[in-house]
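Undergrad: Below is a structure I'd like to ask you about.
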Amino acid sequence: MNLSVGVDLIELSRIREAVARHGDRLLTRIFTPEELAYCQNRVPELAVRFAAKEAVSKALGVGLKPISSHGIGWQEVEVLADDRGKPLLRLSGRAQELAEEQGLGQWAVSLSHGREYAVALVVATGQ
């Protein structure tokens, strides 16, 4: 059985400042339209999804494209919610290809945020 884990912690102030500085240009580069609709510009929701994308890149062992030439794109990891609000991951593009290559087909994500920080933990398993 394959198992991979990724975790990321981010300061909410970093996201708040980046959104204030770059606005929609930044938001539409990092988040999908569905994520943006769900978050409604709430910084904690945006930050925790940012952390989840980082955590997935770590679980895949490649990082993100701006940092690594082998990395995945921001929008190749989408963090949505089921009817009860439980977070779900949807992979596409290179992220999905890497997951398949590594035999990682089942993904779980846990998200949390407080006044200053957001954290995401990702666990992937497969055969």
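Undergrad: For region 4-14, indicate whether the set of residues that are at pLDDT below 95, more than 14 Å from residue 112 (Cβ to Cβ) and not small (Gly, Ala, Ser) is non-empty. Steps first, answer last, please.
TA: Taking region 4-14 and keeping what is at pLDDT below 95, we get none.
No, the conditions are met nowhere in region 4-14.
Undergrad: Tally time: how many residues in region 1-44 are in a helix (DSSP H, G or I) and either within 19 Å of residue 108 (Cβ to Cβ) or in contact with an Asp or Glu (Cβ under 8 Å, 6 or more places away or on another chain) (or both)? Can you show your working first?
TA: The first filter runs over region 1-44 and keeps only residues in a helix (DSSP H, G or I), leaving 12-30, 33-39, 43-44.
Those still in the list that are either within 19 Å of residue 108 (Cβ to Cβ) or in contact with an Asp or Glu (Cβ under 8 Å, 6 or more places away or on another chain) (or both) too: 12-13, 34-35, 38-39.
So the count comes out to 6.
So that you can scan it fast, the table gives a plain yes or no per residue for (1) free of Cβ contacts under 8 Å to residues at least 40 places away in the same chain; (2) over 25 Å from residue 1 (Cβ atoms):
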position	(1), (2)
46	yes, yes
52	no, no
60	no, no
81	no, yes
125	no, no
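Undergrad: Tell me which residues, restricted to region 88-127, are farther than 25 Å from residue 39 by Cα and part of a strand (DSSP E or B). Full working, then the answer.
TA: Here is the first cut: in region 88-127, the residues farther than 25 Å from residue 39 by Cα are 97-105, 125-127.
125, 126 - these are the residues of region 88-127 that are farther than 25 Å from residue 39 by Cα and part of a strand (DSSP E or B).
Undergrad: How about region 69-87: which of its residues are of a type in the set (D, E, K, R) and either over 21 Å from residue 37 (Cα atoms) or touching a helix residue (DSSP H, G or I) at 6+ places or on another chain (Cβ under 9 Å) (or both)? Steps first, please.
TA: Applying the first criterion (of a type in the set (D, E, K, R)) to region 69-87 yields 76, 78, 82-84, 86.
Within region 69-87, 76, 78 meet the criteria.
Undergrad: Does residue 55 satisfy the criteria of being on the phi < 0 side of the Ramachandran plot, assigned to a helix (DSSP H, G or I) and in contact with a helix residue (DSSP H, G or I) (Cβ under 7 Å, 6 or more places away or on another chain)?
TA: Values: on the phi < 0 side of the Ramachandran plot: yes; assigned to a helix (DSSP H, G or I): yes; in contact with a helix residue (DSSP H, G or I) (Cβ under 7 Å, 6 or more places away or on another chain): no.
For residue 55, the condition - on the phi < 0 side of the Ramachandran plot, assigned to a helix (DSSP H, G or I) and in contact with a helix residue (DSSP H, G or I) (Cβ under 7 Å, 6 or more places away or on another chain) - is not met.
Undergrad: Among the candidates 35, 116, which residue alone is closer than 24 Å to residue 11 by Cβ, over 10 Å from the mean Cα position of the chain (by Cα), buried (at least 17 other Cβ atoms within 10 Å of the Cβ) and not basic (Lys, Arg)? Can you show your working first?
TA: Working: 116 fails: buried (at least 17 other Cβ atoms within 10 Å of the Cβ).
Going through 35, 116 in turn, the sole match is 35.
Undergrad: Applying the selection to region 90-127, what residues are of a type outside the set (Val, Ile, Thr) and under 16 Å from residue 46 (Cβ atoms)?
TA: Taking region 90-127 first, the residues of a type outside the set (Val, Ile, Thr) are 90-108, 110-118, 120-121, 124, 126-127.
Residues satisfying the conditions are 111, 112, 113, 114, 115, 116, 117, 118, 120.
Undergrad: Specify the residue that is farthest from residue 116 (Cα to Cα); the eligible residues are those in region 58-78 that are aliphatic (A, V, I, L, M) and in a strand (DSSP E or B). Write out each step before concluding.
TA: Quick first cut of region 58-78, residues aliphatic (A, V, I, L, M) only: 59-60, 62, 64, 67, 72, 77.
Cutting the leftovers down to in a strand (DSSP E or B) gives us 64, 72, 77.
Numbers: 64: 24, 72: 27, 77: 24 Å.
Looking at residues that are aliphatic (A, V, I, L, M) and in a strand (DSSP E or B), I get 72.
Undergrad: Moving on. Looking at the structure I just gave you, is residue 101 of a type outside the set (Gly, Ala, Ser), loosely packed, with under 14 Cβ neighbours inside 10 Å, within 21 Å of residue 3 (Cβ to Cβ) and over 14 Å from the mean Cα position of the chain (by Cα)? Spell out the reasoning first.
TA: On the way: of a type outside the set (Gly, Ala, Ser): yes; loosely packed, with under 14 Cβ neighbours inside 10 Å: yes; within 21 Å of residue 3 (Cβ to Cβ): yes; over 14 Å from the mean Cα position of the chain (by Cα): yes.
When the stated conditions are applied, residue 101 passes them.
Undergrad: Next question. Take the residues in region 62-75 that are under 11 Å from the mean Cα position of the chain (by Cα) and over 14 Å from residue 6 (Cβ atoms); name whichever of them is surrounded by the most Cβ atoms within 10 Å (Cβ to Cβ).
TA: Ranking the candidates gives 74 first.
The values are calculated or read from the model by the stated rules, or taken from the named source; none is laboratory data. Computed from a predicted model, the values in this text were never measured in an experiment. Counting neighbours? That spans all protein chains shown, and the Cβs are built from the backbone with ideal geometry, glycine included.
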